[in-house]
Amino acid sequence: MASFLLSLVGLGLSIYLTIAHFAGAHILACSSTGTVDCTAVTTSPQSYFLGAPVAVLGLGFYVLLTILNSPWGWRARHYWVHVARLVLIGIGMCFVLWLIGAELLIINHVCLYCTGVHVVTFILLIVITRVASAQLAREQR
């Protein structure tokens with residue numbers, strides 16, 4: 001249940017960031033001075049990855065993760081569902097590390113909403129990896 005609730009939080013933050021991407025960063029309720037500057041982060045060149053907005057990629061990531069972390073996803077009898085959950089959170093965390101590096105080393109600003117997504121992703125990594133081996137062993141039988 002913890003992974004499902006965390007996924008819903010990540011989904012909510014991702015929806016907000018995606019709306020802000022298309023409506024304009026000015027709708028973000030975030031400081032725009034000093035180190036914390038959501039507008040600087042969400043409108044930077046690093047807010048795109050391979051031509052796609054990072055906010056949209058995050059939204060897609062959290063839609064999939066919410067499905068995989070739903071109670072139905074955890075009860076799934078298909079081994080690939082549990083492998084997909086583990087692989088997806090691993091890829092997501094690698095991407096988060098790249099984004100944190102971009103914020104700190106390239107943009108020189110931090111977005112609070114992005115940081116929220118990063119923290120949720122990290123906590124999900126911990127939760128999922130703690131149960132993954134038992135889950136995968138049970139489903140492989």
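None of the figures in this text is laboratory data; all of them are computed from the coordinates on show. Note that the coordinates shown come from a computational prediction; the quantities given were computed from them, not determined experimentally. Here the Cβ positions follow ideal geometry from the backbone for every residue, glycine too, while neighbour counts run over all protein chains shown.
Some points to look at:
- Computed from backbone phi, the HN-Hα couplings of segment 125-133 come to 4, 5, 4, 5, 5, 5, 10, 4, 5 Hz, rounded to whole numbers (Karplus: 6.51 cos²θ - 1.76 cosθ + 1.60, θ = phi - 60°; Gly and Pro given as x).
- Compared with the rule-of-thumb size 2.2 N^0.38 Å for a compact globular protein, the chain has a Cα radius of gyration ratio of 1.11.
- Rounded to the nearest whole Hz, the Karplus-based 3J(HN,Hα) values (6.51 cos²θ - 1.76 cosθ + 1.60, θ = phi - 60°) of segment 81-98 follow the sequence 5, 6, 5, 4, 4, 5, 5, 4, 5, x, 5, x, 5, 4, 5, 4, 4, 4, with x at glycine and proline.
- Virtual spin-label span in nm between LEU97 and SER31, 7 Å along Cα→Cβ: 2.8 nm
- Taking amide hydrogens as placed 1.01 Å from N in the peptide plane, the amide H of VAL110 sits under 5 Å from those of VAL36, ASP37, each at least 5 positions away in sequence or on another chain.
- No Cys partner within the rule (Cβ under 4.7 Å), the chain: CYS94
- Here the calculated FRET efficiency for VAL87 and LEU112, from their Cβ-Cβ distance with R0 = 22 Å, stands at 0.15, rounded to the nearest 0.05.
- Against the chain, whose longest principal axis is taken from its Cα atoms, helix 2-23 shows a tilt of about 30°.
- In this label model, LEU64 and ARG77 are separated by 2.6 nm, measuring between points 7 Å along each Cα→Cβ vector.
- Of the residues VAL127, TYR113, ILE100, the one whose Cα sits farthest towards the positive end of the charge dipole of the chain is VAL127 (charges of +1 on Lys and Arg Cβ, -1 on Asp and Glu Cβ, taken about the Cα centre).
- Remark: segment 13-73 projects, on average over all directions, an area of 4.9 nm² (convex hull of Cα atoms).
- Cut-off under 5 Å, modelled amide H: who pairs with SER31 long-range: CYS38
- Between LEU104, LEU28, LEU65, the GNM of the chain built on Cα springs shorter than 10 angstrom shows LEU104 fluctuating the most.
- In sequence order, segment 105-119 has phi-based couplings of 9, 10, 7, 6, 9, 10, 9, 5, 5, 4, 4, x, 5, 5, 5 Hz under the Karplus curve 6.51 cos²θ - 1.76 cosθ + 1.60, θ = phi - 60°, and Gly or Pro positions carry x.
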